[in-house]
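A.B. asks: Below: one structure in structure tokens.
Throughout, read-outs are computed from the coordinates displayed, never taken from laboratory work. If you're wondering where the values come from, they're calculated on a predicted model, not measured in any experiment. Cβ coordinates were reconstructed from backbone atoms using ideal geometry, including for glycine residues, and neighbour counts include every protein chain displayed.
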Amino acid sequence: MRNKIFWSVQLLVLLSVAVAWGLARPQARQQVIEQVSGIRQAPEVDVTRQVPLQIMPLYDRPEMVSDEDLAAVLWQVRPKFDRKNLRPNLAEHAIRTWSVHAEFRDPDVLSGKQLQDFLLDHGTFLLSWGEDSIPLLDDRPTGVGVNWGEIRNHSYHHDHMLACVTEAGARLDTPVILPSTRQVTLEQILRESMRDFRFDERETEWSALAFGLWLPPEKSWRAIDGREISFDLLAKRMMRGYLEKGVCSGTHRFYSLMVLWRLDQDYDILSDEMEAEVYAHLELIRDLISESQFPDGHWPSNWDQGAEAVSNPIEDAMRGKIIATGHHLEWLAIAPPELHPPQELIENAARWIIQTTKQQSPELILQRYTFLSHVGNALSMWRKTFPAPYWKQWQAEHPEYVFVPEVVEEAGPPEKDH
């Protein structure tokens, strides 16, 4: 009898604790965890969705990007990679372009699921890089980090992997298998990213992109040091400094800013003043690229100099031209028409980038894949679609399709990633 009473009391205590924990404010739960673990925790933010938001394309321009040209470009940027020592940067760009749902008839081309497993399952990563490699995923006391930097088996940019799998449509509850074999979810990577975010980093565009696709309607939250982080501050950070100094001649900043502006239209994540400032900044970019396009249709890497870039041209490598042209076409595909340069310039840019991509040899495609993948995404959006669904339909209607490039440039020494 005494034992029954004892265990009944213990059960009531446990139930009371569970109820109290569930009703406690996030700050209170955070304090308890910190006291028990001795590790400072990031403030808890309620993420209300399991599927990330998606920025939809606005235009369908078959006169600018024909069915045949889009198929040829997508053929060129299929993720046909050697599984041995696969660079995470290649996988991240591929999954971001093709999505987690992509499927291909060719078994040598990695599907969206295979790309996701490589990035989020340490066991699959080991099959590529071997037991002695430094893991991509970092199992920390505070959460799950992603090792990044110029080491070939690391992600190249901070939060780039998170942003790419987010744009690819990975669910928040997607399993993540760590080096310890512990299984968590993508949510732990997102929360660790929020915990270790710093405004003084050189590159914040991928953090802003990932946070924008997961956190609305939340518009601000607290960092681990207690400082308030908001989409206003993220936008201001991306507009700071010289226009061309960001990655890929600054173009990733404009894409992330355009994403935040589009999200603000539905979720009001920016203040009215910051929304106007972002719009004015993108108007400036529009005006500069309206003046800096060359007669053949490409934008140079120093596009930020406006007309000066054309009147006093620099010796620009082909990779710089592809990066600037492809990336500008990408953010313009999700921009309202008021932020577009004249339509003729957009059509000229599309014509140049289509022809240039079709002329790349398989060796050059692999060398330049990280920025050519943006071309596939950009041109798909100008047809109001995305690569995976378009390719699925194209494969069904053209089961024997093979594109053979007319190569006009030989592959040179390896080119730097971006």
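A.B. asks: By the scheme Lys and Arg +1, Asp and Glu -1, what is the net charge of all other residues having a beta-carbon under 15 Å from that of residue 307? Intermediate results must be reported in sequence, preceding the final value.
C.D. replies: On the way: positive: 286; negative: 287, 291, 304, 308.
Charge balance in the 15 Å sphere: -3.
A.B. asks: If you don't mind, another one. What translational diffusion coefficient, to the nearest whole µm²/s, does the chain have by Stokes-Einstein, given a Kirkwood radius computed over alpha-carbon pairs, a temperature of 20 °C and 1.002 mPa s viscosity? It would help to have the intermediate numbers written out before the result.
C.D. replies: Details: Rh = 22.9 Å.
Calculated translational D: 94 µm²/s.
A.B. asks: Another question, then. Find out how many positive minus negative residues lie around residue 400, taking Lys and Arg as positive, Asp and Glu as negative, among other residues whose Cβ is under 15 Å from that of residue 400. Provide the component values of the computation, followed by the final result.
C.D. replies: Details: positive: 105; negative: 68, 106, 397.
Net local charge, residue 400 excluded: -2.
A.B. asks: State the extension gain, in nm to one decimal, for the chain segment bounded by residue 344 and residue 397, taking 0.36 nm per residue of separation less the distance between their alpha-carbons.
C.D. replies: Numbers: separation 53, 0.36 × 53 = 19.08 nm, distance 3.15 nm.
15.9 nm is the gain from fully extending residue 344 to residue 397.
A.B. asks: OK, next. Peptides 322-330, 76-84: what's the order by average Cβ count within 10 Å, highest mean first?
C.D. replies: 322-330, 76-84
A.B. asks: If one takes the longest principal axis of the Cα atoms in the chain, at what angle in degrees, from 0 to 90 and to the nearest 10, does the Cα axis of helix 205-214 lie?
C.D. replies: The two axes meet at around 60 degrees.
A.B. asks: Further, regarding this structure: Angle check, please: helix 67-76 long axis (alpha carbons) against the longest principal axis of the chain (alpha carbons), in degrees 0 to 90, nearest 10.
C.D. replies: The angle comes out at about 60 degrees.
A.B. asks: Here's a follow-up. With r as the distance between the Cβ atoms of residue 140 and residue 361 and R0 = 51 Å, compute the FRET efficiency 1/(1 + (r/R0)^6) and round to 0.05. Show your work: numbers first, answer last.
C.D. replies: On the way: r = 42 Å, r/R0 = 0.82.
Plugging the Cβ-Cβ distance into 1/(1 + (r/R0)^6) gives 0.75.
A.B. asks: Evaluate the distance, in nm, between pseudo-label points positioned 7 Å from the Cα of residue 147 and of residue 82 along their respective Cα→Cβ axes.
C.D. replies: Here the modelled spin labels are 2.1 nm apart.
A.B. asks: Report, in whole Å, the centroid distance computed from the Cα atoms of the stretch 90-107 and the stretch 311-339.
C.D. replies: 24 Å
A.B. asks: With only alpha-carbon atoms in the gyration tensor, what are the semi-axes of the equivalent ellipsoid for the stretch 326-413, in Å, largest first? Please list the in-between numbers first.
C.D. replies: Numbers: eigenvalues 111, 71, 26 Å².
Its equivalent ellipsoid spans semi-axes of 24, 19, 11 Å.
A.B. asks: Could you give me the ³J(HN,Hα) list for the stretch 317-333, computed from phi with Karplus coefficients 6.51, -1.76, 1.60 and θ = phi - 60°, whole Hz, x at Gly and Pro?
C.D. replies: Computed from phi, the couplings for the stretch 317-333 are 5, 4, 4, x, 5, 5, 4, 5, 5, x, 5, 5, 4, 5, 6, 5, 5 Hz.
A.B. asks: Cα axis of helix 88-98 to longest principal axis of the chain: angle in degrees, 0 to 90, nearest 10?
C.D. replies: The two axes meet at around 80 degrees.
A.B. asks: If amide hydrogens are placed 1.01 Å from N in the peptide plane, which non-local residues have theirs closer than 5 Å to the one on residue 176?
C.D. replies: Amide H neighbours of residue 176: 184, 185, 186.
A.B. asks: Hey, how much of the P(r) for the stretch 121-215 falls beyond 22 Å, as a percent of Cα pairs?
C.D. replies: Considering the stretch 121-215, 24 percent of its Cα-Cα pairs are separated by more than 22 Å.
A.B. asks: Among the listed pairs 321/358; 80/113; 321/392; 80/392; 113/392, give every one whose C-alpha distance is greater than 22 Å.
C.D. replies: 321/392
A.B. asks: If you don't mind, there's one more thing I want to ask. Only Cα pairs under 8 Å and at least 6 apart count here; give the relative contact order of the chain as a rounded whole percent. Each step should come with its number before you reach the end.
C.D. replies: On the way: 636 pairs, mean separation 81.7, N = 418.
Relative contact order here is 20 percent.
A.B. asks: Further question on the same structure: Each residue of the stretch 277-289 in turn: what ³J(HN,Hα) in whole Hz from Karplus with 6.51, -1.76, 1.60 and θ = phi - 60°, glycine and Pro shown as x?
C.D. replies: Each residue of the stretch 277-289 in turn: 5, 4, 4, 5, 5, 5, 4, 4, 4, 4, 5, 5, 6 Hz.
A.B. asks: Calculate, in nm to one decimal, what residue 296 and residue 268 gain on full extension: separation in residues at 0.36 nm each, minus their alpha carbon distance.
C.D. replies: Values: separation 28, 0.36 × 28 = 10.08 nm, distance 4.00 nm.
Between residue 296 and residue 268, full extension yields 6.1 nm more.
A.B. asks: Out of residues 5 or more away from residue 140 or on other chains, whose amide H comes under 5 Å of its own, with H placed 1.01 Å from N in the peptide plane?
C.D. replies: It is 145, by chain and number.
A.B. asks: Where does the charge balance sit around residue 382 when Lys and Arg score +1, Asp and Glu -1, over other residues with C-beta under 15 Å from its C-beta?
C.D. replies: Once positives and negatives cancel, what remains is -4.
A.B. asks: For the stretch 31-178, what does the alpha-carbon gyration tensor say about shape, rounded, prolate or oblate, given a ≥ b ≥ c as the root eigenvalues, a/c under 1.5 as rounded, and a/b over b/c as prolate?
C.D. replies: oblate
A.B. asks: Next question. On the first, second and third principal axes, largest extent first, how far apart are the outermost C-alpha atoms of the stretch 205-354 in Å?
C.D. replies: That gives 49, 29, 25 Å along the principal axes, largest extent first.
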